[in-house]
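Working notes, structure below.
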Amino acid sequence: RRVREAVVSTQSTGDVSFKKPSFPPISKEKLKSGNNEMRKVPIPPHRYTPLKENWMKLYTPIVEQLKLQVRFNVKTRTVELKTSPETQDVGSIQKAADFVKAFTLGFDIDDCLALVRLDDLFLETFEIADVKTLKGDHLARAIGRIAGKGGRTKFTIENVTKTRIVLADSKIHILGSFQNMRIARTAICNLILGSPPAKVYGKMRTVASRMSERF
C-alpha cells in the first residue's frame, strides 16, 4: 500500500523531467594526479652486463621521448621510473616499464624500442609445463623442436608471424601484436605437443596469409 501511495503521490505532483548528465572531457593537466607515479622493474643477475652496455639506448627514449625520470638503484637492483612535470602522456610510465621489462626478459634493445613507438604491441610469457607436463629428455626435446637446428624453426615462426620470441629454459616470451602473438603461440604449442615442424609451418603460413588478406 505504501508503495502504491508513493506512486500515486508522484503522479499527482506531475512528471519529473530528468536531464541526461553531461561530463566535459578532462584536460591532461587535471588527469595527471598531484603525486608523481613511480614504477620499479627488477633486473635479474644475468642481465646486469647487457644493461650496463645498453644503458644509453634504454635511457635516451625514456627521457627524451616519454619525458620520464629514470635511474638504476644499485642497492635494490631495480630500474626506477618516475613521472616528471614535463610528462605529457599518462600512459608513458607503463610504456617505459614494458620497455625495460622486455629488455630484462632477453629481447634485443631495437625490438624493445617498438614498445615505446607503437601502441598495439604486447608481451606474453608462458611455460612449456602450461601446455604439457614434460620432464628430463622429453622437455629438452620439446625445447629443441621449438628452436630447431641452428634456431631455424624459431626464426621461421618469427618471420612468418612478425613477432619476436625468446626461449629462456622452459619459459617462452613473445613480443608482438595480439593477433600475431596468437598465431605464434599456437605454432609453439603444436611443436610442444609433438607435431612435425613441416606441418606446423603449413598451418602457420595459411593462417598468416588469411590474416594479411583480412586487413
Inset, instruction - At 7 Å along the Cα-to-beta-carbon direction for both Ser209 and Lys57, put a label point, then send me their distance in nm to one decimal. - result: 3.5
Inset, instruction - Take the Cα gyration tensor of the range 138-199, multiply each eigenvalue by 5, square-root it, and list the three semi-axes largest first, rounded to whole angstrom. - result: 17, 12, 11
Legend entry - With Cα atoms, 0 to 90° folded angle of helix 152-161 axis to the chain main axis: 30
Legend entry - Accessible-area composition of the chain, carbon plus sulfur, in percent [1.4 Å probe]: 53
Legend entry - Theoretical FRET efficiency, 1/(1+(r/R0)^6), r = Cβ-Cβ of Ser22 and Gln65, R0 30 Å, to 0.05: 0.25
Inset, instruction - Quick one: what are the phi-derived ³J(HN,Hα) couplings along the range 55-63, Karplus 6.51/-1.76/1.60 with θ = phi - 60°, whole Hz, x for glycine and proline? - result: 4, 5, 5, 6, 5, 4, x, 5, 7
Inset, instruction - Provide the per residue accessible area, probe 1.4 Å, for the chain, rounded to a whole number of square angstrom. - result: 67
Inset, instruction - Would you compute, from DSSP H runs of 4+ residues alone, the mean residue ellipticity of the chain at 222 nm, taking -39500 (n - 2.57) per run and dividing by the full residue count, rounded to the nearest 500? - result: -15000 deg cm²/dmol
Inset, instruction - Identify, among Gly151, Leu105, Thr161, the residue whose Cα sits farthest towards the positive end of the charge dipole of the range 74-190, taking +1 on the Cβ of Lys and Arg and -1 on the Cβ of Asp and Glu, with the dipole about the Cα centre. - result: Gly151
Inset, instruction - Would you mind checking which residues have amide H under 5 Å from Ala168's amide H? H placed 1.01 Å from N; only 5 or more apart, or other chain. - result: His173
Legend entry - Within the chain: Cβ-based charge dipole about Cα centre, in debye rounded to nearest 20 (Lys, Arg +1; Asp, Glu -1): 520
Legend entry - In range of the label at Ser195: residues from the range 110-142 whose backbone nitrogen is under 15 Å from the point 7 Å along Cα→Cβ: 131-132
Legend entry - Inter-site label distance for Asp119 and Ser170 at 7 Å from Cα along Cβ, in nm: 3.9
Legend entry - Alpha carbon centroid spacing (whole Å) that separates the range 140-178 from the range 41-55: 22
Legend entry - Over the chain, equivalent-ellipsoid semi-axes from the Cα gyration tensor in Å: 45, 30, 18
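The values are calculated or read from the model by the stated rules, or taken from the named source; none is laboratory data. What you see is a predicted model; the values in this text were computed from it and never measured. Cβ coordinates were reconstructed from backbone atoms using ideal geometry, including for glycine residues, and neighbour counts include every protein chain displayed. Quick note on the areas: whole protein, heavy atoms, side chains included, nothing else; ligands and nucleic acids left out. Shrake-Rupley method; radii C 1.70, N 1.55, O 1.52, S 1.80 Å.
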